[in-house]
Amino acid sequence: MKLCRYGKNGFEKPGMIDAEGRLRDLSKVVSNFGPNELSPRGLKMLSKVKPETLPIVNGSPRLGVPYVGIGKFVAIGLNYSDHAKEAGQPIPGEPVVFMKATTCISGPYDDVIKPLGSTKLDWEIELGVVIGTKAQYVAEDKALEHVAGYCVVNDVSERAFQMQSSQWDKGKGCDTFGPIGPWLVTTDEITDPQTLDMWLDVNGKRMQTGNTRTMIFGVAHLVSYVSRYMTLLPGDIITTGTPPGVGLGMKPPLFLNVGDVLTLGIKGLGEQRQKVVAHGD
């Protein structure tokens, strides 16, 4: 299933994408998508809904974050060896874990706000893993059983802020630095998360091309690993690192300016588009 939320910010309705790519209204079935709907019981109920029986949503409404109730936004750094190299960092021996502020979360087509004092605004196409059932000290071979689905994530980063200390959070958690969506695609459609092509363009120029098979630590390993250090709850999301091609790694480095447009996507998970705007616009 491809689940989404559409409408004005703060007033989104639940929707489902049918086989022809049309948006269908689900508001008569559920009032919203949250942790209850992401549970095995909730997804089983939704799987019985026939998209063709739902009303078609006309026009091109805004798509918001595809679900609510994100308690933790966990991020993995340097999870592609080529990206670690371009960032001038050693290949990690175990996952690099940091947190993105939940206040950074935004819709897949919402503007990215360039913060005050920003000089090195950067992009990162990533696979997001959405937790559906509580995960605590889970074994790697059972880890994917705790996953509800997958999303496109843009781990927007301000490198000057990020590199001011050994902790990355302030360069990763600014408002609008976490676009998620357009859809949450359930695991019945994405049976193997390590086979997904991904890409990102800036102003129509291809910057990143990758595939999740080149992750240093795969999705199952990451869910298991993170669950050793923090209990993962339904709605939590893990964003799993980016392939090479970020602005920091260009020679010379290339960073985003007001007016730039980002387009990015992952096979089977849809596409995002963001315009960079100045703070206060």
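The values are calculated or read from the model by the stated rules, or taken from the named source; none is laboratory data. Not measured: the values here are computed from a predicted model. Please note: Cβ atoms are built from the backbone with ideal geometry, for glycine as well, and neighbour counts cover all protein chains shown.
A few notes on this one:
- Residue check, LYS120 in contact (Cβ under 8 Å) with a residue 24 or more places away in the chain, touching a helix residue (DSSP H, G or I) at 6+ places or on another chain (Cβ under 7 Å), of a type in the set (Lys, Arg) and more than 30 Å from PHE11 (Cβ to Cβ): yes
- Of the numbered criteria (1) modelled with pLDDT of 95 or more; (2) surrounded by 18 or more Cβ atoms within 10 Å (Cβ to Cβ), the one TYR80 fails is (1).
- Of the residues screened, TYR137 is not one that is of a type in the set (Phe, Trp, Tyr) and closer than 23 Å to LEU23 by Cα.
- Enumerated strands (runs of 3 or more DSSP E) restricted to the stretch 185-281, each holding at least 1 residues that are of a type outside the set (Val, Ile, Thr): 197-202, 205-211, 261-266, 270-278
- Top-ranked residue of the stretch 217-226 - restricted to ones that are out of contact with any Asp or Glu (no Cβ under 6 Å at 6 or more places or on another chain) and crowded, with 21+ Cβ neighbours inside 10 Å, ranked as nearest to GLY128 (Cα to Cα): VAL219
- Counting only strands (runs of 3 or more DSSP E) that sit completely within the stretch 76-133, those holding 1 or more residues that are in the same structural domain as SER224 (by TED's automatic domain parsing) and within 13 Å of GLN274 (Cβ to Cβ) correspond to 112-114, 125-131.
- Among the residues of the stretch 23-42, those that are part of a loop (DSSP other than H, G, I, E, B), under 17 Å from THR186 (Cα atoms) and touching a residue at least 24 places away in the same chain (Cβ under 8 Å) comprise LEU26, ASN32, PHE33, GLY34, SER39.
- Scanning the stretch 134-149 for residues being in a strand (DSSP E or B) and surrounded by fewer than 21 Cβ atoms within 10 Å (Cβ to Cβ) gives a total of 0.
- Residue match in the stretch 155-162 (condition: of a type outside the set (A, V, I, L, M, F, W, C), part of a helix (DSSP H, G or I) and farther than 18 Å from VAL226 by Cα): yes
- Pairs with Cβ under 8 Å, 6+ apart, first in the stretch 54-75 and without any contact (Cβ under 8 Å) to a residue 24 or more places away in the chain, second surrounded by fewer than 19 Cβ atoms within 10 Å (Cβ to Cβ) and of a type in the set (D, E, K, R): none
For every residue, the table says whether it meets (1) under 25 Å from TYR109 (Cβ atoms); (2) of a type in the set (A, V, I, L, M, F, W, C); (3) in contact with a Leu (Cβ under 7 Å, 6 or more places away or on another chain).
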position: GLY149; (1), (2), (3): yes, no, yes
position: GLY173; (1), (2), (3): yes, no, no
position: PRO179; (1), (2), (3): yes, no, no
position: THR186; (1), (2), (3): yes, no, yes
position: GLY218; (1), (2), (3): no, no, no
position: ILE237; (1), (2), (3): yes, yes, no
position: PHE255; (1), (2), (3): yes, yes, yes
